[in-house]
Every structure is written in structure tokens, then in C-alpha cells.
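Scroll down for the structure; my scribbles are underneath it.
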Amino acid sequence: MTILYFIVGLGLLIFIHELGHFLVAKFSGIRVERFSLGFGPHVGFKVGETEYCLSLLPLGGYVKMSGQEDFEEGEIVPLDDPRAFSSKSLWTRMKVVLAGPGMNLILPFVLMPIVFMIGRQEPKYLSQPPQVLGVQAESSAAKAGVEKGDLILAVNGKAASSWDQVMREISKPAGTEVRLQLQRGDKTLEKSAKLEALEGGMGGYLGLEPVFFVDLEPLIGAFTPDSPAHAAGMKTGDKVVAINGTAIADWNAMAEQVNQSKGKETRFTVERAGEKVELK
């Protein structure tokens with residue numbers, strides 16, 4: 001599938017590039033004899049004076065114009081042909097040559113708003129109230145006194161009604177201090193903690209577990225260097241499929257099993273490169 005995406009992406013870049021040459025040449029009155037995507041054996045059709053081709057190898061493309069310096073051997077181009085590329089002014093020829101790279105520069109600005117309009121799929125828990133499912137042992141949050149069931153009201157003085165808002169505030173470099181306002185029962189508490197460094201992670205780590213990690217695949221993205229998971233041999237990219245023989249379907253199930261196993265020997269079954277590996 002990755003190869004297919006690469007071929008489609010490359011084909012799009014080539015098409016846009018050659019389309020730039022083609023459109024400016026046509027607009028400038030230059031005779032375009034062939035518009036081709038790819039090289040090698042091809043299929044095509046002719047409309048007017050231009051042949052449109054799709055070739056077997058999608059590794060390039062070209063626009064063949066009358067009067068180019070690289071015309072085929074034996075081809076005769078009248079010197080006074082007003083529609084030949086060579087008969088056009090230097091400025092016109094420059095526009096035709098630069099139109100291809102110019103189209104490639106414009107493409108990202110065209111695609112960006114389309115991508116934003118289509119949107120992207122986000123985990124369900126991000127839109128849910130920021131209630132804490134659990135707190136990782138020895139994490140900054142645990143040391144600060146955050147407990148399971150706490151509802152986060154604000155982070156760094158900014159109100160937080162969803163996990164998305166919480167994540168935005170705590171997605172900062174390791175060492176950054178984070179101030180949390182929590183609701184625990186009928187009490188409002190203030191806690192402060194510093195983000196820890198993550199192995200394999202770009203930002204800091206607080207140690208909070210959202211209560212709505214349902215349907216989120218239990219893939220290991222990063223962990224602290226001195227964590228039990230690291231000591232057991234767990235690696236970034238591992239998928240946890242079982243803990244102590246109990247099947248794990250999502251992050252919620254994994255967090256619950258880990259909490260139940262505190263202080264006990266824990267056996268992890270992970271999927272790594274298509275194979276199951278036992279860790280403890």
C-alpha cells in the first residue's frame with residue numbers, strides 16, 4: 001500500500017508539473033505535439049494537434065512542443081513557423097520553462113485548505129470531559145497528588161472542558177511546570193507538577209490516563225527511560241495484546257490491568273513485527 005501511495009503521489013507531482021508547461025505553451029500559441037505522463041510503452045489518443053499519452057513507467061513525463069532543441073532526428077521545423085517554441089521571445093520561452101516548477105510550488109497551497117476542509121479523524125476521548133482514569137506510578141502527576149477519578153477543571157489557569165484542551169496545554173517540553181485545578185468529590189484542589197522526559201517522544205510526560213481511551217489501539221508510542229516497561233524490554237511500536245493472560249482490546253483495558261497488577265509481577269504479551277513476544 002505504501003508503494004501505491006508513493007506512485008500516486010509521484011504521478012500527481014509529475015502531472016501538475018507537466019500541466020504547467022502545457023497550459024502556458026498553449027496560452028502562448030505554441031504548438032504542443034504531445035503531452036505524456038511516464039515513459040516506455042504507452043496508450044493514448046489525439047485531440048486536435050496534440051496527442052495525450054499515458055506510459056507504462058510513471059517515473060517522469062514530458063511536453064513535446066514544435067521547435068524545441070531536442071526534436072527528433074529527421075524532424076523538419078520551418079524556421080519561420082510562428083507557432084514553434086524556438087520562434088517565441090525569450091520571455092515567453094522562460095514562462096513556459098518555469099511554469100512546471102511554479103505549479104509544483106503552488107500545489108501545497110491548493111491542497112492545504114482542501115485537507116483542512118475534509119478534516120481528520122481524532123480519537124473519541126479527545127472530545128470527552130477530562131476525567132482521570134488512572135495515574136502512572138512514580139510519574140509527576142502521582143507525585144503531585146493527582147488521583148484516579150479527579151476531574152481536571154483548568155490547566156495553567158485556562159479552563160478545560162475536554163481532553164483535547166488538556167493535551168494542548170501539557171504538550172510542552174520536558175521540565176515545564178504544569179498547574180492543575182482539579183475537582184475531587186465536592187472539593188476543588190490545586191496541584192503542580194513538572195513534565196518528565198519521554199524516550200522516543202517529542203514533548204514532556206505527566207502520567208495522566210484519560211478515562212475515554214476506549215477504541216484506542218494499545219500501541220506503545222513512548223515511555224520514560226526508567227519505567228518498568230523499558231526495563232522489561234518493551235519497545236516503541238509494540239502493540240499490547242495481553243496482560244497476565246487477559247486479552248487487551250484498547251487503552252482502557254490495558255490501563256485497568258496495569259493498575260490491578262501494581263506491586264505484582266506483570267506479564268505482557270506484545271505484537272512486534274508480526275510476531276508475539278512475552279515480556280515481564
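The values are calculated or read from the model by the stated rules, or taken from the named source; none is laboratory data. Just so it is clear, the model here is predicted, and its values are computed rather than measured. Note that we place each Cβ from the backbone using ideal geometry, even for glycine, and neighbour counts take in every protein chain shown.
For region 164-174, indicate whether the set of residues that are within 30 Å of Ile14 (Cβ to Cβ), part of a helix (DSSP H, G or I) and β-branched (Val, Ile, Thr) is non-empty. No, every residue in region 164-174 fails to be within 30 Å of Ile14 (Cβ to Cβ), part of a helix (DSSP H, G or I) and β-branched (Val, Ile, Thr). For region 163-177, state whether one or more residues are in contact with a helix residue (DSSP H, G or I) (Cβ under 6 Å, 6 or more places away or on another chain) and among the aliphatic types (A, V, I, L, M). No, region 163-177 contains no residue that is in contact with a helix residue (DSSP H, G or I) (Cβ under 6 Å, 6 or more places away or on another chain) and among the aliphatic types (A, V, I, L, M). Scanning region 256-280 for residues being over 13 Å from Ala229 (Cα atoms) and among the hydrophobic types (A, V, I, L, M, F, W, C) gives a total of 2. Applying the set (1) surrounded by 18 or more Cβ atoms within 10 Å (Cβ to Cβ); (2) at pLDDT below 85 to Pro130 leaves exactly one unmet item: (2).
Exactly one condition in (1) hydrophobic (A, V, I, L, M, F, W, C); (2) at pLDDT 85 or above; (3) in a strand (DSSP E or B) is false for Leu23; which is it? With (1) hydrophobic (A, V, I, L, M, F, W, C); (2) at pLDDT 85 or above; (3) in a strand (DSSP E or B) applied to Leu23, the lone miss is (3). Every test in (1) hydroxyl-bearing (Ser, Thr, Tyr); (2) over 14 Å from Phe85 (Cα atoms); (3) in contact (Cβ under 8 Å) with a residue 24 or more places away in the chain is passed by Ser66 save one, and that test is (2). Within region 143-180, the residues that satisfy the criterion of being of a type in the set (Asp, Glu) and under 13 Å from Lys191 (Cβ atoms) are Glu147, Asp150, Glu177. Looking only at region 232-280, count every residue that is among the hydroxyl-bearing types (Ser, Thr, Tyr), within 29 Å of the chain's Cα centre (by Cα) and assigned to a loop (DSSP other than H, G, I, E, B) and tell me the total. Total meeting the criteria: 1. Has region 161-173 got any residue that is in contact (Cβ under 8 Å) with a residue 60 or more places away in the chain and out of contact with any His (no Cβ under 6 Å at 6 or more places or on another chain)? No: region 161-173 contains no residue that is in contact (Cβ under 8 Å) with a residue 60 or more places away in the chain and out of contact with any His (no Cβ under 6 Å at 6 or more places or on another chain).
Note on region 136-160: residues that are in contact (Cβ under 8 Å) with a residue 60 or more places away in the chain and of a type in the set (A, V, I, L, M, F, W, C) total 4.
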